[in-house]
Structure formats: structure tokens, C-alpha cells
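Asks: Input: one structure, supplied below.
The values are calculated or read from the model by the stated rules, or taken from the named source; none is laboratory data. Small disclaimer: the values here were computed from a predicted structure and weren't measured. Quick reminder, even Gly has a Cβ in these numbers, built from the backbone with ideal geometry, and neighbours come from all protein chains shown. Calculation scope for accessible area: heavy atoms of the full protein, side chains included, ligands and nucleic acids excluded. Shrake-Rupley method; radii C 1.70, N 1.55, O 1.52, S 1.80 Å.
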Amino acid sequence: MAENKKRIALLMGGKSNEREVSLASGKEVLAHIDQNRFEVTTYDPATDLIRLVEDADKLDLAFLCLHGRYGEDGTIQGLCEMVGLPYTGSGVPASALAMDKEIAKRIFRDAGLPVAPDLVVRKEDVSDFSETAKIALFSLGNPMVVKPLRSGSSVGLSIVESEQQLVEALTRAFDMDGAAMLEKYLPGIELTCGVVGNQTLKALPPIEIIPADGHRFFDYSAKYDAGQAQEICPAGVHKELYDEVQRLSISAHTTLGCRGLSRTDLIFSFGNTYILETNTLPGLTSGSLLPKMAKAYGLSFTSFISYIIDLALTGQDLNIDDYKV
């Protein structure tokens, strides 16, 4: 190994229900990382944690291509800190806060950021599913969105329009998490925007998402199956909405205490823009949204990876324009 090469631990896989997406992200990063600057060793947290700890003092950085629980929720970040290994993305508190939809929305509300009305239901508090469904439908109206409280990639997300559908959706969510967030359904324009940087933040060009026929929202299939959604980047919306999406995404990133990178999902509905959630380790697959935003800004995938690594290694503000193709 050339002495000037940085030693990168590429963490991919893990034990969450987003394992396959994580593996795809990791393979994409491995294929495009600058081999002249970085020497990469892969680790799967599902099987390689002991090896990672043993190797920590020989590594310069952990590049986290992990999604969902046990990877995006602060757990692996805490392990890296315990062994003195710097890592990409947000720290322990921001990672944990963003992963819990209830806490993240509470923080957004306290900061005056717009979010949809919701209820949180926990499995241990439900004795009668039908009665719970009636109360929720009365409180939030019909239709509504049901999400496992701590999951990503729209895994387990449902839009329900009846008491029976809500009972079924709660059952699925409880099987995955033990708790569910019920949100008022807001029809409208789906948007997402990446934010990068340490202290000085940059909002990337937002993407407007138009799910294909048969997809009522940007669900797991629409995210990862080819041809299941149209993703317009930069978003083809009027300038005021474009600017507001960037501003709210930076506000969400800052309010949660994120660093390095994040991606915030939003919806423009009935004249207002609402934050849906913030992802602290967005997908980096060939079809993922954040690389498309970086490309629209003028960065190749390789240069974008280098920028994210350099942000984590230096902890300093870096001019993203210096990484343009």
C-alpha cells in the first residue's frame, strides 16, 4: 500500500430489514471509490464486528453504507467511537434521533418546522385492534399512512382507507417494530433534498418524485425496482417551492444535529410543504437519490465519495465545488 493512501473500512450489510439495500450501496461505493487515494477493506457488521474492533487501530475511517436499525440508528456509530475509529455521517445522538420518527417529529415541531399530524401506537398498549383503529380514523381522518416507528426505505409503510386495512397495517408494523406511527395522509408533490457539509451546509438540487401507475406513493418497489418511479432532478417545480425545499432540508439537518450528509423527504400538499423524515445515511446504490443530486450539481460518483470521506477525515468545511468534474 502506498503510504499516502487512507485505509477505509467499508461497512455494508448488517442485520436490519434493509440489508440488501445496504449491500447494494456498499458494492456501488466499492466499485467507484478512488483507488489511487484509498485502500478499502469490507466488513459486514452481521459477522465482522470482532474483526473490525481488532483492526480499528490500523484503519483511518469507517465508510458507513448501512441503512436501518443497527447501522443508521447510532449503534455502529457508538462502537466506532469506543474504538477510536472516525466514520462518515452523523454522530450517535443525531443518528438515534432521526431514526425514531416520533422523537424526530417532536424535535421538528418544537423548532417550528412543518410536519403532518400523527399518532403513535405501541403494541403493548393495544388490547382491541378494532377500537384502536376507530379512534385513529376519527382523530386523523381517512386515508392515513402507517409506518413502523423505526424503519427506512418505506419498509412496512401502508396507506389505509378502512378500519380493516388499518388493523392489518398495524399488525404488520408491530411485527417489524412493536410500535407504529399513524399520519394524516397528505396528497401532493413528493420531493427530496440532500444536504452536505460540516459547519457550512450545502443543499443539493432537490428531486421531484412521480411514482409510476400502480404506486400511490414512493414505496420500496418504486424506490428500488427499475421503471417504477420518475425522478426529476433538478425538481421541475417553481422557484419558491424549490428554494423552500432546500431551506427546510437544511433546517431539518441542523435541528437534528446531523453532519456530513443527510437526505430529507418532503411533500407539497394543499399549498404547504411538510417534512416527512430525514435520513442520516441515504442510499448509495446505482438508483439512489443522493448520487443523482450530486451528479446534477456537477460531481461524479467517485468525486462525491471522496468529498464525503474528506468531510469525515478532516471535520472541516470543504468547498464542494473543488470536487466538481
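Asks: Nearest 10 degrees, 0 to 90: what angle lies between the long axis of helix 163-176 and the longest principal axis of the chain (Cα atoms)?
Replies: 30
Asks: I would also like to ask the following. Please compute the contact order of the range 130-215 in relative form: average sequence separation of alpha-carbon pairs under 8 Å and at least six residues apart, divided by the residue count, as a percent.
Replies: 25
Asks: Right, another one. Full extension from residue 103 to residue 313: what is 0.36 nm times the residue separation minus their Cα-Cα distance, to one decimal in nm?
Replies: 72.7 nm
Asks: With an 8 Å cut-off on Cα pairs and a minimum separation of 6 or more residues, tell me the relative contact order of the range 87-156 in percent.
Replies: Normalised by residue count, the contact order of the range 87-156 is 31 percent.
Asks: Still on this model: Length gain on complete extension for the stretch residue 6 to residue 127, per 0.36 nm per residue less the alpha carbon to alpha carbon distance?
Replies: Answer, rounded to one decimal: 38.1 nm.
Asks: Separate question: Report, in deg cm²/dmol and to the nearest 500, the calculated mean residue ellipticity at 222 nm for the chain, where each DSSP H run with n ≥ 4 adds -39500 (n - 2.57) and the sum is divided by the residue count.
Replies: For the chain, the value works out to -11000 deg cm²/dmol.
Asks: Relative to the longest principal axis of the chain, what angle (0 to 90°, nearest 10) does the C-alpha long axis of helix 239-256 take?
Replies: 80
Asks: Another question about this same structure. Round to the nearest 10 and report in Å² the accessible area of residue 238, as given by a 1.4 Å probe over the protein chains' heavy atoms.
Replies: Counting only protein heavy atoms, the figure is 100 Å².
Asks: First select every other residue whose beta carbon is under 12 angstrom from the beta carbon of residue 245; then total the charges, Lys and Arg +1, Asp and Glu -1.
Replies: -3
Asks: Counting pairs of Cα atoms in the range 139-197, how many percent are more than 13 Å apart?
Replies: Summing the P(r) of the range 139-197 above 13 Å gives 62 percent of all pairs.
Asks: When Rg is the radius of gyration of the Cα atoms in the chain and Rh is its Kirkwood radius, what does Rg/Rh come to?
Replies: Checking Rg against Rh, the ratio lands at 0.97.
Asks: Still on this structure: Work through the residues other than residue 314 whose Cβ is under 13 Å from its Cβ and net out their charges, Lys, Arg +1 and Asp, Glu -1.
Replies: Here the charged neighbours net out to -2.
Asks: Further question: Of all the C-alpha pairs in the range 226-296, what % are more than 15 Å from each other?
Replies: So the pairs more than 15 Å apart make up 59 percent of the total in the range 226-296.
Asks: From Cα pairs below 8 angstrom and at least 6 apart in sequence, can you work out the relative contact order of the chain, rounded to a whole percent?
Replies: About 19 percent, as a whole number.
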